[in-house]
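**Q** First the structure, which I've put down as structure tokens, then a few questions once you've had a look.
The values are calculated or read from the model by the stated rules, or taken from the named source; none is laboratory data. Keep in mind that this is a model prediction, so the values were computed, not measured. Cβ placement follows ideal geometry from the backbone for every residue including glycine, while neighbour counts extend to all protein chains displayed. Calculation scope for accessible area: heavy atoms of the full protein, side chains included, ligands and nucleic acids excluded. Shrake-Rupley method; radii C 1.70, N 1.55, O 1.52, S 1.80 Å.
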Amino acid sequence: MSEPHVPLTGYPPVDDGDMRRRADAMLKVLSTRRTVRDFSYRAVPRQVIETAIKAAATAPNGANQQPWHFAAISNPEMKRRIREAAEEEERAFYGGRASDEWLDALAPLGTDASKPFLETAPWLIAIFAEKKGPKGEKHYYVTESVGIAIGMLITTLHNAGLATLTHTPAPMNFLREICGRPANEKPLVLLVVGHPADGATVPAHALDKKTFDQIAKVWD
Ligand code: IYR
């Protein structure tokens, strides 16, 4: 027997013209998103971060298990510990762990093991994926679900006027310890959030986007 259902709400009729205008407007907003690595010290209200996390948690996910945890950190001592641990991993990465092919692919970004933004930016959001439930229950499509939620988090923060960086020091198990998370959770992304520094730049190659025809084919 199926579970109880309730009527669908939240989809008032929209005509094709409005639909097109709304899609165009969203594309315009998202087209200005850049991955930022130079952050300002300017504070960001806690409430904006909490709202963005609530928006992320509306994401579609496997069997409604909501297999995520968001650890939002503005505490300077925690940020310092995260920077220290991340830079240690990054020194190993840039100092030999990464293949030459990988380092060649990263060269246009100009990144290195130094991660000052982990202390400069007002907020770090560590996103954890609950690989299994707290009692070992099986979870489904965990990486997909949490990945979609992270996309919605970035979209909400960008739409609010904030810059983000998806930072993935590997391995980043230190985040589990610093944030006090249990062993069934795996850190997936460390999202750096704040305002860009005055005069921040981005790599020119980040502006090279594949054309629509390179990424899509439409049958109608
Ligand atoms: N985690 C390293 C390396 C790095 C890897 C990829 I793939 C990037 O798109 C960017 C950086 C770092 O953060 O420097």
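**Q** In region 12-22, how many are open to solvent by 70 Å² or more (accessible area, probe 1.4 Å) and assigned to a loop (DSSP other than H, G, I, E, B)?
**A** 3
**Q** How many residues are more than 15 Å from the ligand (Cβ to nearest atom), in contact with a strand residue (DSSP E or B) (Cβ under 6 Å, 6 or more places away or on another chain) and not charged (D, E, K, R) when one looks only at region 121-137?
**A** Here the count works out to 6.
**Q** Just one of A43, A55, A25 is open to solvent by less than 90 Å² (accessible area, probe 1.4 Å) and part of a loop (DSSP other than H, G, I, E, B); which is it?
**A** Being open to solvent by less than 90 Å² (accessible area, probe 1.4 Å) and part of a loop (DSSP other than H, G, I, E, B) holds for just one of A43, A55, A25, which is A43.
**Q** Identify all residues within region 58-82 that are open to solvent by less than 60 Å² (accessible area, probe 1.4 Å), closer than 16 Å to L118 by Cβ and assigned to a helix (DSSP H, G or I); write none if there are none. If you could, list the steps in order and put the result at the bottom.
**A** Step one: list which residues in region 58-82 are open to solvent by less than 60 Å² (accessible area, probe 1.4 Å), which gives 59, 61-62, 65, 67-74, 78-79, 82.
Narrowing the set further to residues that are closer than 16 Å to L118 by Cβ leaves 71-74, 78-79, 82.
Selection gives M78, K79, I82.
**Q** For residues that are within 9 Å of the ligand (Cβ to nearest atom) and surrounded by 13 or more Cβ atoms within 10 Å (Cβ to Cβ), scanning just region 104-120, find the one that is farthest from P76 (Cα to Cα).
**A** L106
**Q** Kindly indicate whether any position in region 85-94 is away from the ligand (no atom under 14 Å from the Cβ) and open to solvent by 70 Å² or more (accessible area, probe 1.4 Å).
**A** Checked against the condition, which is being away from the ligand (no atom under 14 Å from the Cβ) and open to solvent by 70 Å² or more (accessible area, probe 1.4 Å), region 85-94 yields no hits at all.
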